[in-house]
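Asks: My questions will all concern the structure given below.
Computed from the coordinates by the stated procedures, all read-outs in this text should not be read as laboratory data. Fair warning: this is a prediction, and the values are worked out from it, not measured in the lab. No Cβ is skipped: glycine too gets one built from the backbone with ideal geometry, and neighbour counts run over all protein chains shown.
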Amino acid sequence: MAERDKGSTDWVRLSGIGFELVGAVAGFGLIGFWIDRRYATRPWGVLIGVGLGIVGGMYTVIREALQASKEADQEAEEEKRHRS
């Protein structure tokens, strides 16, 4: 049963990371769109906004991936200790 709970937790965590990436790109893109309409800077506001969203979203993805890798290493060490 613990494996099933862990699997569903991983799925929720991964989908959350995806939503954060999409949200960052969409949010910064909308801010860029607003800047373009307000200051007539088409298409630079949207392009810069989407670029910033991708950078910010990828930062989150990489940070979460490193954290997951660290947790997996810790779990492997604990499993190794229990076997010996």
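Asks: Would you say residue 55 is in a helix (DSSP H, G or I) and in contact with a helix residue (DSSP H, G or I) (Cβ under 6 Å, 6 or more places away or on another chain)?
Replies: Details: in a helix (DSSP H, G or I): yes; in contact with a helix residue (DSSP H, G or I) (Cβ under 6 Å, 6 or more places away or on another chain): no.
No, not satisfied.
Asks: Which condition does residue 48 not pass, out of (1) farther than 21 Å from residue 24 by Cα; (2) touching a Gly at 6+ places or on another chain (Cβ under 7 Å), if it passes all the others?
Replies: It is condition (1) that residue 48 fails.
Asks: Could you please find all residues in the stretch 16-25 being of a type in the set (A, V, I, L, M, F, W, C) and surrounded by fewer than 15 Cβ atoms within 10 Å (Cβ to Cβ)? Working first, answer last.
Replies: Within the stretch 16-25, the subset of a type in the set (A, V, I, L, M, F, W, C) is 17, 19, 21-22, 24-25.
Answer for the stretch 16-25, where residues must be of a type in the set (A, V, I, L, M, F, W, C) and surrounded by fewer than 15 Cβ atoms within 10 Å (Cβ to Cβ): 19, 22.
Asks: In the stretch 40-84, what residues are in contact (Cβ under 8 Å) with a residue 40 or more places away in the chain and surrounded by fewer than 10 Cβ atoms within 10 Å (Cβ to Cβ)?
Replies: none
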